[in-house]
Every structure is written in C-alpha cells, then in structure tokens.
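J.: Here it is, the structure in full.
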Amino acid sequence: SIPRPGEISLAHNGVLFLDELPEFKRNVLEILRQPIEEGFICISRASASIVYPAKFMLISAMNPCPCGFYTDQHRMCKCTPAEIKRYLSKISGPLLDRIDINIFLHSIQTEELLSKCANSESSAIIRTRVISACTIQYDRFRKEGILANSEMTGKHLELFCHLSQSCQQLIRAAMKSMGITARAYDRILKVARTISDLNVSNNIEESHLAEAIQYHNFDRFAAL
C-alpha cells in the first residue's frame, strides 16, 4: 500500500538490463511503456499518487524460442510453431515500437570464438566517434532544451530530420512492406539521425536511413 521505487526508478540516469525478456510477465513488461516514452512512472494508490523519475537506457536480451535454437543452422529446434508464437507474443507491438534498435544475432560458432578479428575497431576508436556524435547533438540542441536525438519531439524531427526525395521513397516502401507504425517511424528517424552524426554528416543520407530501418526487424524475424 506504500509505494516504493522499483528497478526502473533505481535505474534512473543509468542502464536497465532485462535478460530473457519474454520470461517476465506480460503485465510487468507493459508497465515499461510509460517510463520509456515519458521518463517517469506514476504509482497510484487510494491515498495518493506518486511520480518517480525513470529515465533510463533499456537493454534487453532474449532467445528466439523457448529452447533457444529457432533458426539455428547447426541445432534442431524442438519447439512447435504454436510454442514459438506464444513465446514471441509476450513482447507486444506497442512495447517494440518504443525500442529504438532490434537486432537478431545468430549463434557464435567455435571458430569465431577462437579467432581474432584483425579488422575490428578498438574500444578507444569507437569511444572517440561516440563522443564526437554526442558533441554534435549537444551543439544542435543547445537552444532546444534537450541533449540527444532520442529526446526529439515531432517539432525537432521536422527541423533536424529532413529527408531527401530518395529517402522519402525508401521509408515509404519500408512502411508499406514492413507495416511500420507512426511511432516506429519516429524512432527510425532518430536512429538514422544518430547514424548520420556518427558519420559526421549534416544530412540523413539514404544509406543511414536504410541502416536504421534494418535495425527495426523484430517483426520480420517473428514471421520466419
């Protein structure tokens, strides 16, 4: 009866990592929608309503099915289509629309674990590029009252995410073929703007937008 800060408020200004995402109860996952969108959570009781800050970076991980081997090229999945559908349906569309990047990864083979990639970038190089992109965003939003692309509203998207004719054709085709919602469209634009910042580009180019669209592929994976 007495509200107390939970994990999402304790993660304020930090990272909230949820492992095995579909194993959480669906009503618990749906509670995430408000803080992801608004940066706070409101707890209502008969005596009062309390607002807790909950502005965090959500990172989650999950298996593709209950046994973990769906689409694996080296091991046989033992799950039925109904079990896989039930498992994936625990992650609702409205929750997915609020997650900027969805990436499907294949299992890593022994050879990959033992080998060293000579062409990979060091963390120091990546850190330099990220700091540069953050600086670009800070300068861009200096007079807007926000700090990063993820905080952009519809007004900011119109000002800072102008799409060329070819980019408009690309996103129009993607929305039609992938069933992208209006909320997911806004998320894709924010990711595309960030990709362009990482590449020190003043404009969102077609390659940036295409990459951002590829990061929103959970629905296509679920349809495999």
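The values are calculated or read from the model by the stated rules, or taken from the named source; none is laboratory data. Everything numeric here is computed off the predicted structure, so don't read it as measured data. Please note: Cβ atoms are built from the backbone with ideal geometry, for glycine as well, and neighbour counts cover all protein chains shown. These accessible areas exclude ligands, DNA and RNA; they are computed on the full protein's heavy atoms, side chains included. Shrake-Rupley method; radii C 1.70, N 1.55, O 1.52, S 1.80 Å.
J.: What figure, in Å² to the nearest 10, do you get for the accessible area of Asp139 with a 1.4 Å probe and non-protein molecules left out?
T.: 80 Å²
J.: If DNA, RNA and ligands are ignored and the probe is 1.4 Å, what is the ranking of Tyr52, Tyr87 by accessible area, most exposed first?
T.: The most accessible residue leads, giving Tyr52, Tyr87.
J.: Given a 1.4 angstrom probe, what's the average accessible area per residue across the stretch 40-104, in square angstrom?
T.: 61 Å²
J.: Okay, moving on. Could you tell me the accessible area of Phe40 in Å² (1.4 Å probe, neighbours in place), rounded to the nearest ten?
T.: The accessible area of Phe40 comes to roughly 70 Å².
J.: Using a 1.4 Å probe on the protein heavy atoms, what percent of the accessible area of the chain belongs to carbon and sulfur?
T.: 55 percent
J.: Averaging over every viewing direction, what projected area does the convex hull of the Cα atoms of the stretch 142-205 cover, in nm²?
T.: So the mean shadow area of the Cα hull is 4.5 nm².
J.: Antiparallel DSSP bridges in the chain: what percent, to the nearest 5?
T.: 50 percent
J.: Order Arg127, Arg193, most accessible first, counting only protein heavy atoms with a 1.4 angstrom probe.
T.: So the residues, ranked largest to smallest area, are Arg127, Arg193.
J.: Between Rg and the Kirkwood Rh of the stretch 47-131, both from Cα atoms, what is the Rg to Rh ratio?
T.: 1.10
J.: For the residue pair Val15 and Asn217, what label-to-label distance in nm results when each label sits 7 Å from Cα along the Cα-to-beta-carbon direction?
T.: Between Val15 and Asn217, the simple spin-label model gives 2.3 nm.
J.: With Rg and the Kirkwood Rh both taken from Cα atoms, where does Rg over Rh land for the stretch 27-86?
T.: Rg/Rh: 1.24.
J.: Same structure again: Number of Lys pairs in the stretch 112-212 with C-alpha atoms less than 23 angstrom apart, excluding same-chain neighbours closer than eight positions?
T.: Number of lysine pairs found: 4.
J.: Given labels modelled 7 Å from the Cα in the Cβ direction, how far is it in nm from Ser115 to Ser207?
T.: Between Ser115 and Ser207, the label points sit 2.4 nm apart.
J.: Quick one: which residues, 5 or more positions from Ile41 or on another chain, have an amide H under 5 Å from its amide H? H modelled 1.01 Å from N in the peptide plane, none for Pro or chain starts.
T.: It is Tyr52, Ala54, by chain and number.
J.: With the crude spin-label approximation of a point 7 Å out along Cα→Cβ, what separation in nm comes out for Thr181 versus Arg86?
T.: Inter-label distance under the simple model: 2.5 nm.
J.: Return the inverse of the average 1/r over all pairs of distinct C-alpha atoms in the chain, which is the Kirkwood hydrodynamic radius, in Å to one decimal.
T.: In the chain this quantity evaluates to 20.0 Å.
J.: Once phi is turned into ³J(HN,Hα) by the Karplus curve 6.51 cos²θ - 1.76 cosθ + 1.60 with θ = phi - 60°, what whole-Hz value does each residue of the stretch 89-99 show in order, with x for glycine and proline?
T.: Result, ordered by residue: 6, 5, 9, 6, x, x, 6, 4, 4, 8, 9 Hz.
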